[in-house]
Amino acid sequence: MPIRHEVVVGVEAICDQYANEPSPLMMILSAIQKKYGYIPLEVQEIVSKKTGIPVAEIYGVVTFYSFFSLKPKGKYVLGVCLGTACYVKNSQAIIDKFSAMLGIAPGETTDDGLFTIEAVRCIGACALAPAMSINGKVYPKVTPDQVGKIIDEYRKMEAEGK
Amino acid sequence: MERIDSVKKLDESIKTCTEQFEAKIKGTNGKRAVVVCGGTGCIANSSEDIQKALEEEIKAHGLENKVTVNHVGCFGFCSQGPFVKIFPEDTLYRAVKVSDVKQIVEDDLIGGNVCENLLYVDPVTHEKVVRQDDINFYKKQVRVALHGCSLINPDLLEESLGYDGFKALKKVLTEMTPQQVIDEILASGLRGRGGAGFPTGRKWQFAANVQADQKYIVCNGDEGDPGAFMDRSILEGNPFEVIEGMMIAGYAFGASKGYFYVRAEYPVAVERLQRAIEDMEQVGLLGDHILGTDFSFHAYLRLGAGAFVCGEETALLNSIEGKRGMPRPRPPFPAIKGLWGKPTCVNNVETLATVPYIIRVGAAEYAKMGTEKSKGTKVFALGGKINNVGLVEVPMGTTLRTLIFDIGGGIPGGKKFKAIQTGGPSGGCLTEKDLDTPIDYDSLVAKGSMMGSGGAIVMDEDNCMVDVAHFYMDFICNESCGKCSHCRIGTKRLFEMLTKVTNGTATTKTLDDMKYLATVIKNGALCALGQTAANPILSTMANFPEEYEAHVVDKKCPAHVCKKLMRYVIDPNLCKKCSLCARNCPVNCIHGVVGKEPYVIDQSKCIKCGSCLAGCRFHAIIKE
């Protein structure tokens with residue numbers, strides 16, 4: 001798929017921004033991921049042209065780190081903490097229930113593009129275990145029977161056009 | 001702030017800032033000071049909203065010239081957060097909600113009465129405790145690396161200067177040669193707090209001995225152990241102290257550039273560290289000719305991108321260089337050939353945070369704390385099945401019993417302590433019989449675990465140790481970088497064998513194969529991630545052989561955790577036929593007739609999520 005012109009300009013601007021840094025690739029990719037939500041091959045090619053780093057090397061770095069994604073994520077990223085402190089307090093049951101109710105495995109996105117389930121490693125809210133975060137908002141001490149309510153809450157928000 | 005470009009100006013700044021800070025804490029400036037916990041844990045529990053509400057309420061009462069409000073770093077007692085503290089009385093309010101703000105302002109700030117309902121209640125004596133230092137959780141703690149955390153505003157250089165900040169930097173620049181600094185750190189016995197425990201002074205000495213046009217100091221803030229948050233809290237609570245430690249290291253072995261590598265998962269820490277660096281640059285505490293001396297130092301921040309292996313120092317260096325975070329073979333060690341091929345020391349956040357303290361009080365004083373071979377203090381992140389989840393700093397040599405029961409407050413719900421996992425995915429578990437072990441690097445290794453970075457997860461009788469090992473193995477498989485085959489293939493095979501144990505298809509031969517493969521991986525893997533990958537398995541096998549046996553021979557999971565070996569059933573005699581479980585079930589596998597027929601779970605469809613059990617008010621659903 002061809003990349004829109006403003007995205008090309010935006011990606012090139014990010015590359016320029018870090019042009020004077022030693023070994024800027026990680027910084028460039030982090031900035032692109034943050035701004036656009038994913039780093040498809042076409043975007044990697046633009047970065048390659050700007051920086052002179054081969055696409056193969058860029059692809060290697062993109063696929064190595066879990067923060068970088070080749071595909072777009074859902075509008076709401078349901079990040080269920082599977083850090084040890086949450087795991088021993090049964091966070092696996094939470095993520096399983098999200099999977100069962102949305103019909104997707106962790107790492108996948110629903111067909112309507114609304115939800116992505118992610119197993120995240122420690123969001124640092126160990127006193128609130130089991131915890132999860134949705135687009136940065138932390139939900140403390142989640143129980144399996146709250147899962148349905150959480151999904152409904154976001155579906156309703158969406159329906160109301162918020 | 002004015003530029004601090006000479007020793008004299010630093011002295012003046014320290015003097016003014018200290019007077020101001022003391023006046024704030026003691027109330028001699030005629031104002032009361034309210035501080036709100038701004039650590040990640042409390043922020044997740046709406047502490048920012050509380051601070052905002054406080055500011056508005058104070059303004060509404062026209063008190064803005066009599067009361068100051070600001071955020072501070074982590075109080076450590078996370079399970080009781082969010083915290084609000086009021087100076088000069090030193091009143092600590094816990095579990096504060098936005099709705100409590102009005103009461104705090106009207107009763108305490110205006111009325112002068114302590115809000116009794118917001119005080120900490122000792123669970124044993126049931127007495128209300130007003131001051132932080134009188135709470136049992138804090139009594140046995142010593143704050144060295146956490147110096148200033150929960151006290152100073154981490155966004156204000158002035159408060160750092162007002163609370164011991166940069167006194168150590170001044171001391172090394174004006175009174176000590178680089179070699180004297182290294183000798184002092186060597187004499188202090190400080191060992192790397194990232195987990196391996198290598199003597200920090202020796203690391204610096206290696207780098208000092210190499211001649212090079214450029215050297216680097218790197219601060220490892222890639223705290224990947226799930227459930228550990230020591231480094232994050234230090235960076236959030238007092239970033240200046242870590243930068244100061246880094247500068248002292250740079251002075252000691254001749255590095256003029258320092259890189260912080262911090263997890264991208266820590267946005268608050270990143271933001272505060274970035275601001276601290278910028279503020280220091282602005283006043284000249286970072287840059288060329290610091291305090292008018294020949295010492296120049298520049299600090300930079302780099303973010304991780306979600307790879308556990310980047311906590312390994314050579315993988316971390318590759319990541320800073322914009323490459324895949326794969327470890328390099330050692331030797332050459334980073335101290336000889338590190339970042340961009342130049343001599344580099346990689347030190348952990350907590351290690352660097354401890355350095356200014358050692359310089360300030362002297363190595364001899366510091367070394368009074370701790371055991372023979374492990375000096376000073378260690379920060380632990382207590383988590384899991386423990387009452388007082390939080391961050392604690394104790395002298396080395398404190399026993400696990402003190403850590404878990406005196407400070408940690410024991411196990412919730414009257415459950416029985418089963419194990420404590422230290423060292424994260426590289427460590428092992430310690431049990432009842434190890435509780436009186438004094439915590440230090442060597443004693444924990446002797447007991448089959450390790451210090452690690454400080455993550456300490458407590459497990460109770462409801463946790464299955466095979467499942468815990470399975471969890472860690474899954475983690476390691478996912479995080480193995482794939483460079484060496486022992487780790488890439490070995491951990492995958494180990495994980496598969498362990499999966500067989502948890503689903504009841506393993507035989508006793510599987511257990512023998514696992515032990516053999518564990519040894520092969522340990523001996524063959526390139527870096528510490530692989531070399532220690534099998535530790536959680538070996539340690540749980542050694543401590544809980546009967547649990548493995550139950551899974552393999554009896555095909556039972558004694559803790560009812562492993563899904564293939566347990567099921568939920570409804571006791572027809574206890575079932576009140578209310579249908580709640582059927583309505584809670586996400587896969588509609590519970591059937592019955594409201595008010596007439598007891599409900600039954602269709603085992604072929606059950607996903608064992610536990611929703612039915614969690615919702616049943618009549619305890620009619622049991623695990624077996």
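Numbers at a glance
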{"quantity": "FRET efficiency, B:Asn523 to B:Arg202 (Cβ-Cβ, R0 30 Å, nearest 0.05)", "calculated": "0.70"}
{"quantity": "Förster radius 60 Å - calculated FRET efficiency between B:Asp602 and A:Glu21, Cβ distance, rounded to 0.05", "calculated": "0.50"}
{"quantity": "Considering only chain B, percent of DSSP beta bridges that pair antiparallel, nearest 5", "calculated": "55"}
{"quantity": "Rounded if a/c under 1.5, otherwise prolate or oblate - chain B, Cα gyration tensor axes", "calculated": "oblate"}
{"quantity": "For B:Lys418, distant residues with modelled amide H under 5 Å away", "calculated": "B:Met459, B:Asp460, B:Glu461"}
{"quantity": "Pairwise label distance in nanometres, B:Thr177 with B:Ser296, each label 7 Å out on the Cα-Cβ vector", "calculated": "2.4"}
{"quantity": "Distance in nm between pseudo-label sites at B:Lys433 and B:Lys59 (7 Å out along the Cβ direction from Cα)", "calculated": "6.3"}
{"quantity": "Spin-label pair A:Glu158/B:Glu546, simplified geometry with 7 Å Cα→Cβ offset, distance in nm", "calculated": "5.0"}
{"quantity": "Under 5 Å, built H, 5+ apart or other chain: amide partners of B:Lys215", "calculated": "B:Ser256, B:Lys257"}
{"quantity": "In order through the range B:332-339: 3J(HN,Hα) via Karplus (6.51 cos²θ - 1.76 cosθ + 1.60), integer Hz, x for Gly, Pro", "calculated": "x, 6, x, 4, 9, 9, x, 4"}
{"quantity": "Theoretical ellipticity at 222 nm over the protein assembly as shown - DSSP helices of four or more residues, -39500 (n - 2.57) apiece, nearest 500", "calculated": "-11500 deg cm²/dmol"}
{"quantity": "Whole-Hz couplings from phi, Karplus 6.51/-1.76/1.60, listed for the range B:239-251; x for Gly and Pro", "calculated": "x, 4, 5, 6, 5, 4, x, 5, 5, 5, 4, x, 4"}
{"quantity": "Under 5 Å, built H, 5+ apart or other chain: amide partners of A:Thr109", "calculated": "none"}
{"quantity": "Neighbour net charge for B:Asp108 - beta-carbon separation under 10 angstrom, K R +1, D E -1", "calculated": "-2"}
{"quantity": "HN-Hα J in Hz across the range B:148-164 - Karplus 6.51, -1.76, 1.60, θ = phi - 60°, x for Gly and Pro", "calculated": "x, 5, 6, 10, 8, 6, x, 9, 10, 4, 4, 6, 5, 4, x, 9, 6"}
{"quantity": "Surrounding net charge for B:Lys9, when Lys and Arg each add one and Asp and Glu each subtract one, Cβ distance under 9 Å", "calculated": "-2"}
{"quantity": "Leading residue at positive end of dipole, chain B (Cβ point charges), from B:Asn153, B:Gln274, B:Asn535", "calculated": "B:Asn535"}
{"quantity": "Farthest positive-ward along the protein assembly as shown dipole, Cα basis, beta-carbon charges - from A:Pro106, B:Phe295, B:Pro332", "calculated": "A:Pro106"}
{"quantity": "Antiparallel %, DSSP beta bridges [both residues in the range B:6-148], to 5", "calculated": "60"}
{"quantity": "Inter-centroid distance (Cα atoms) of the range B:185-249 relative to the range A:1-75, Å", "calculated": "31"}
{"quantity": "A:Lys149, B:Lys102 arranged by Cβ crowding within 10 Å, fewest neighbours leading", "calculated": "A:Lys149, B:Lys102"}
{"quantity": "Shielding by other protein chains, A:126-136, mean Cβ within 10 Å", "calculated": "5"}
{"quantity": "Helix B:267-283 vs. chain B, principal-axis angle (Cα, 0 to 90°, nearest 10)", "calculated": "0"}
{"quantity": "Relative contact order %, chain B, counting alpha carbon pairs below 8 Å whose residues are six or more apart", "calculated": "12"}
{"quantity": "Local electrostatic count at B:Glu372 - Lys and Arg +1, Asp and Glu -1, tallied over other residues with Cβ under 14 Å", "calculated": "+2"}
{"quantity": "Cα-based helix-to-principal-axis angle, A:147-159 vs chain A, degrees rounded to 10", "calculated": "60"}
{"quantity": "Order of B:Glu236, B:Glu547, B:Glu372 under a 10 Å beta carbon neighbour criterion, fewest first", "calculated": "B:Glu372, B:Glu547, B:Glu236"}
{"quantity": "Degrees between helix B:485-503 axis and first principal axis of chain B (Cα, 0 to 90, nearest 10)", "calculated": "40"}
{"quantity": "Of all DSSP beta bridges in chain A, antiparallel share, percent nearest 5", "calculated": "55"}
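All of the numbers you see were taken from the coordinates with simple rules; none came from a lab. Small disclaimer: the values here were computed from a predicted structure and weren't measured. Heads up, the Cβs are rebuilt from the backbone with ideal geometry, glycines too, and the neighbour counts pull from every protein chain shown.
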